[in-house]
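Data block below; observations after.
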Amino acid sequence: MYDGIVQELIDEFGRLPGIGPKSAQRIAFHILQTPSFDVKRLSELLVEVRERVRFCEICGNVAEQERCAICRDPRRNAALICVVEDAKDVAAIERTREYRGLYHVLGGAISPIAGVGPDDLRIAQLMTRLADGTVQEVILATNPNLEGEATASYLSRLLTTMQITVSRLASGLPVGGDLEYADEVTLGRAFEGRRVL
Ligand SMILES: [Zn+2]
């Protein structure tokens, strides 16, 4: 334990996801002991990101305008929608450079244990997007774990009544893991080898 404000800083970093007490302490001391570390820039960025960044009104991805850069890009294939749990998954798939369609971010996955049901996700918005017949294929790219699979099977059942091809990423992704942790080659291959449900 440290005195006052130093401990407060360590505690604050410790509240961030994936940062344990040791890392929190390391980050705090790095900031304290590194004169070149631009504290002002970081604090300004934190404030600015909260003020400027919002979520795309169409797909739910992070955006600085009403629509994200992907939804605004006319070169993207509007006949394809890739459904993901999280905006971080969009970034992971974009890094593969394999996919040129659009996205739909659900904002999580169905999880009875965590009390997350279909109504808590952006599923109604997805159905609205599919209504005009532009979309020909929906790729279910939820995480390869229990919640992700439950969400994918819920969506595939929901979409059977529509004239839309529904596919799921090929296996080969680390089971139980998150898409965001898959390497680009594996994720790219999972896209190419996606199977129609
Ligand atoms: Zn968007």
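Please go through the range 30-52 and give me each residue that is open to solvent by 100 Å² or more (accessible area, probe 1.4 Å) and under 25 Å from the mean Cα position of the chain (by Cα), ordered by number.
Leu46, Arg50, Glu51, Arg52
Just checking, which of Gly107, Gly115, Gly101 is at positive phi and at pLDDT 95 or above?
Values: Gly115 fails: at pLDDT 95 or above; Gly101 fails: at positive phi.
After ruling out the rest, the residue left standing is Gly107.
Considering the range 55-79 alone, what residues qualify as being more than 10 Å from the ligand (Cβ to nearest atom), touching a residue at least 12 places away in the same chain (Cβ under 8 Å) and open to solvent by 30 Å² or more (accessible area, probe 1.4 Å)?
Matches in the range 55-79: Glu64, Arg75, Asn77, Ala78.
The values are calculated or read from the model by the stated rules, or taken from the named source; none is laboratory data. Note that the structure is predicted; figures quoted are calculated from it, not measured. Quick reminder, even Gly has a Cβ in these numbers, built from the backbone with ideal geometry, and neighbours come from all protein chains shown. With ligands, DNA and RNA removed, areas are computed over all heavy atoms of the protein, side chains included. Shrake-Rupley method; radii C 1.70, N 1.55, O 1.52, S 1.80 Å.
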